[in-house]
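A.B. asks: Structure provided below as structure tokens; questions to follow.
The values are calculated or read from the model by the stated rules, or taken from the named source; none is laboratory data. Owing to the predicted nature of the structure, the values given are computational and were not obtained by experimental measurement. Reconstructed Cβ throughout: ideal geometry from the backbone, glycine too, with neighbour counts over all protein chains shown. Accessible surface areas use protein heavy atoms only, side chains included; no ligands, DNA or RNA. Shrake-Rupley method; radii C 1.70, N 1.55, O 1.52, S 1.80 Å.
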Amino acid sequence: MSEHQQQHTEQVDIAIVGAGMVGMTLACLLADSGLRVRVIEARDSDRQSLIDAEQQQRSNDFDNRVSALTIASQQILNHAAAWPLMQNMRVTPYTRMDVWDGEGSGNIQFNSHELQESCLGHIVENRVTLAALYQASLNMPAIEWQSGSRLTGLSECDTDTPDPSRTLSFADGSSLRARLVIAADGAMSNTRRLADLPMWEWDYGHHAIVTTVHIAEGHQHTCWQRFTDDGPLAFLPVSGADDQHGSIVWSTSPDHAKALMELDDDAFCQALERAIEGRLGTVSAPQPRMSVPLRQRHASRYVQAGFAAIGDAAHTIHPLAGQGVNLGLLDAAVLAEVILDARANGESWQSDYVLHRYQRQRQGENLKMAASMEGFKRLFATDAAVPRLLRNIGMSLMNQAPMVKNHIVQQAMGLSGNLPRFARRS
């Protein structure tokens with residue numbers, strides 16, 4: 001690009017590539033920073049049409065993609081001005097978790113009343129969270145929207161200039177300069193690839209089947225999870241006109257997933273009833289099913305000069321504990337905090353030196369969660385007698401040790417630990 005062209009290329013402070021939940025949360029957290037923030041979305045849609053589409057769909061059915069949002073995530077979304085809007089749409093608080101070993105007697109229950117909390121968290125359809133974030137951002141003039149833009153090129157940061165920045169090139173021939181580029185475009189991030197960020201990656205050997213079903217006994221504001229040798233099955237409560245729907249995430253072997261996907265609706269519901277041991281009564285009326293291959297990914301580093309990756313663009317984990325989106329929202333909260341603090345202190349907020357503060361805070365925590373999920377998967381995947389006996393004894397003993405159990409669930413809820421200020425309760 002010539003010097004003349006560079007002078008006429010539009011420049012922003014921060015370009016967030018990807019308008020999903022994590023990218024939009026970061027944009028909203030930075031809306032009052034005094035920085036010019038551009039959200040770049042590949043789909044050719046404006047925010048209002050996306051909000052209207054969600055409202056139309058919500059009146060007819062549920063989104064198969066849901067998230068178990070922690071109290072920490074609720075606080076982050078509240079700071080992003082989205083949580084009150086979500087409450088006006090559809091969120092389902094859950095007060096209990098019931099987890100058991102389907103191949104043994106191990107069982108553990110968590111109850112919000114034991115913690116003097118109103119709930120343990122909320123099950124929220126992803127499109128509800130997105131619509132609320134889009135709605136909130138409409139009232140934030142600092143957030144610019146650029147849709148229908150497919151990123152095809154990303155320059156290195158020109159650190160030798162007085163105002164270091166990167167150039168983003170798009171399929172329509174246009175370009176944009178940004179002091180900081182954020183990859184928030186999901187697990188298959190094109191932005192991460194263009195930045196040449198190395199990844200560790202391996203296959204879990206599981207596919208996740210997701211859908212929403214009607215359950216005769218009602219969800220009882222409880223998350224139900226049964227572990228089997230073949231993988232975990234979770235029933236998550238979702239509430240519409242009644243409390244008789246559950247969003248399922250059934251992680252199983254690819255062959256079993258293929259067989260389940262080939263069943264007709266009645267046979268699939270009967271398989272679900274058997275798999276959950278009939279605890280929720282008759283299962284019926286499934287929405288269209290999706291089967292998603294599960295892979296673990298983790299970037300060997302999250303940042304470069306003028307570049308950072310957040311959410312699934314930086315890491316993906318097994319969905320058995322429902323922590324993926326929560327980790328991404330914590331990424332957004334920490335990165336926003338790092339940028340705002342550096343800016344307040346007069347530092348070069350987009351520099352490699354400053355951005356490494358975000359990486360130091362989040363990479364270790366995300367790797368720790370990934371290792372925990374891998375450990376759980378391996379523990380419940382074995383059918384050897386001794387590990388099976390030990391895991392059943394361990395679950396039962398923990399269930400009888402309220403101090404230990406409540407400490408674990410408080411951390412999982414985001415009520416303790418090293419949390420960014422956006423995630424803490426007032």
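A.B. asks: Kindly indicate which of LEU130, LEU77, LEU138, LEU50 is of a type in the set (A, V, I, L, M, F, W, C) and open to solvent by less than 20 Å² (accessible area, probe 1.4 Å).
C.D. replies: On the way: LEU130 fails: open to solvent by less than 20 Å² (accessible area, probe 1.4 Å); LEU138 fails: open to solvent by less than 20 Å² (accessible area, probe 1.4 Å); LEU50 fails: open to solvent by less than 20 Å² (accessible area, probe 1.4 Å).
After ruling out the rest, the residue left standing is LEU77.
A.B. asks: A further question follows. Could you tell me which of the residues ALA305, ALA259 is open to solvent by 20 Å² or more (accessible area, probe 1.4 Å) and in contact with a helix residue (DSSP H, G or I) (Cβ under 6 Å, 6 or more places away or on another chain)?
C.D. replies: Working: ALA259 fails: in contact with a helix residue (DSSP H, G or I) (Cβ under 6 Å, 6 or more places away or on another chain).
When all the criteria are applied, what remains is ALA305.
A.B. asks: Continuing with the same structure: In region 141-155, what residues are open to solvent by 20 Å² or more (accessible area, probe 1.4 Å), touching a Lys or Arg at 6+ places or on another chain (Cβ under 9 Å) and in contact (Cβ under 8 Å) with a residue 40 or more places away in the chain? Outline the logic, then answer.
C.D. replies: Keep residues of region 141-155 that are open to solvent by 20 Å² or more (accessible area, probe 1.4 Å), which gives 141-142, 144-148, 150, 152, 154-155.
Filter once more, so that each one left must be touching a Lys or Arg at 6+ places or on another chain (Cβ under 9 Å): 142, 144-148, 154-155.
Scanning region 141-155 gives ALA142, GLU144, TRP145, GLN146, SER147, GLY148, LEU154.
A.B. asks: Is it the case, given these coordinates, that ALA423 is under 29 Å from PHE307 (Cα atoms), modelled with pLDDT of 60 or more and open to solvent by less than 30 Å² (accessible area, probe 1.4 Å)?
C.D. replies: Values: under 29 Å from PHE307 (Cα atoms): yes; modelled with pLDDT of 60 or more: yes; open to solvent by less than 30 Å² (accessible area, probe 1.4 Å): yes.
So ALA423 fits the description; yes.
Rundown of residues vs (1) touching a strand residue (DSSP E or B) at 6+ places or on another chain (Cβ under 8 Å); (2) surrounded by fewer than 18 Cβ atoms within 10 Å (Cβ to Cβ); (3) more than 30 Å from LEU419 (Cβ to Cβ); (4) basic (Lys, Arg), yes/no style:
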position	(1), (2), (3), (4)
ARG274	no, yes, yes, yes
ARG279	yes, yes, yes, yes
SER284	yes, yes, yes, no
ALA313	yes, no, no, no
GLY324	yes, no, no, no
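A.B. asks: Within region 345-362, is there a residue that is surrounded by fewer than 20 Cβ atoms within 10 Å (Cβ to Cβ), of a type in the set (Asp, Glu) and at pLDDT 80 or above?
C.D. replies: Yes, region 345-362 contains at least one residue that is surrounded by fewer than 20 Cβ atoms within 10 Å (Cβ to Cβ), of a type in the set (Asp, Glu) and at pLDDT 80 or above.
A.B. asks: Going by the structure shown, is ASP61 open to solvent by 30 Å² or more (accessible area, probe 1.4 Å), more than 26 Å from ARG424 (Cα to Cα) and touching a residue at least 40 places away in the same chain (Cβ under 8 Å)?
C.D. replies: So ASP61 passes the test.
A.B. asks: Output the qualifying pairs, or none if there are none: Cβ atoms under 7 angstrom, residues six or more apart or on different chains, first residue in region 102-119 and in a loop (DSSP other than H, G, I, E, B), second residue at pLDDT 80 or above and aromatic (Phe, Trp, Tyr).
C.D. replies: Every condition considered, the pairs that remain are GLY102/PHE227; GLY106/TRP100; CYS119/TYR94.
A.B. asks: Could you pull out the residue among THR161, THR228 that is in contact (Cβ under 8 Å) with a residue 24 or more places away in the chain and either under 30 Å from SER118 (Cα atoms) or of a type outside the set (Asp, Glu) (or both)? Break it down stepwise before answering.
C.D. replies: On the way: THR161 fails: in contact (Cβ under 8 Å) with a residue 24 or more places away in the chain.
Matching residue, one of THR161, THR228: THR228.
A.B. asks: Of everything in region 176-234, what is under 20 Å from SER147 (Cβ atoms) and surrounded by fewer than 17 Cβ atoms within 10 Å (Cβ to Cβ)? Give them in sequence order.
C.D. replies: Step one: of region 176-234, the residues under 20 Å from SER147 (Cβ atoms) are 176-178, 181-186, 188-191, 194.
Within region 176-234, just MET188 meets the criteria.
A.B. asks: Based on this model, can you work out whether ASP101 counts as open to solvent by 60 Å² or more (accessible area, probe 1.4 Å) and over 24 Å from HIS214 (Cβ atoms)? I'd like the intermediate steps shown before the answer.
C.D. replies: Values: open to solvent by 60 Å² or more (accessible area, probe 1.4 Å): no; over 24 Å from HIS214 (Cβ atoms): yes.
No.
A.B. asks: Any residue at all in region 259-269 that's touching a residue at least 12 places away in the same chain (Cβ under 8 Å) and of a type in the set (Gly, Ala, Ser)?
C.D. replies: Scanning region 259-269, I find no residue that is touching a residue at least 12 places away in the same chain (Cβ under 8 Å) and of a type in the set (Gly, Ala, Ser), so the answer is no.
A.B. asks: Can you tell me which residues in region 127-164 are assigned to a loop (DSSP other than H, G, I, E, B) and within 19 Å of LEU35 (Cα to Cα)?
C.D. replies: Let us first name the residues in region 127-164 that are assigned to a loop (DSSP other than H, G, I, E, B), namely 139-142, 148-150, 155-164.
ASN139, MET140, PRO141, ALA142, CYS157, PRO162, ASP163, PRO164 - these are the residues of region 127-164 that are assigned to a loop (DSSP other than H, G, I, E, B) and within 19 Å of LEU35 (Cα to Cα).
A.B. asks: Being free of Cβ contacts under 8 Å to residues at least 24 places away in the same chain and either in contact with a strand residue (DSSP E or B) (Cβ under 8 Å, 6 or more places away or on another chain) or not small (Gly, Ala, Ser) (or both) is the filter here; which residues of region 37-58 pass it?
C.D. replies: The answer is ASP52, GLN56.
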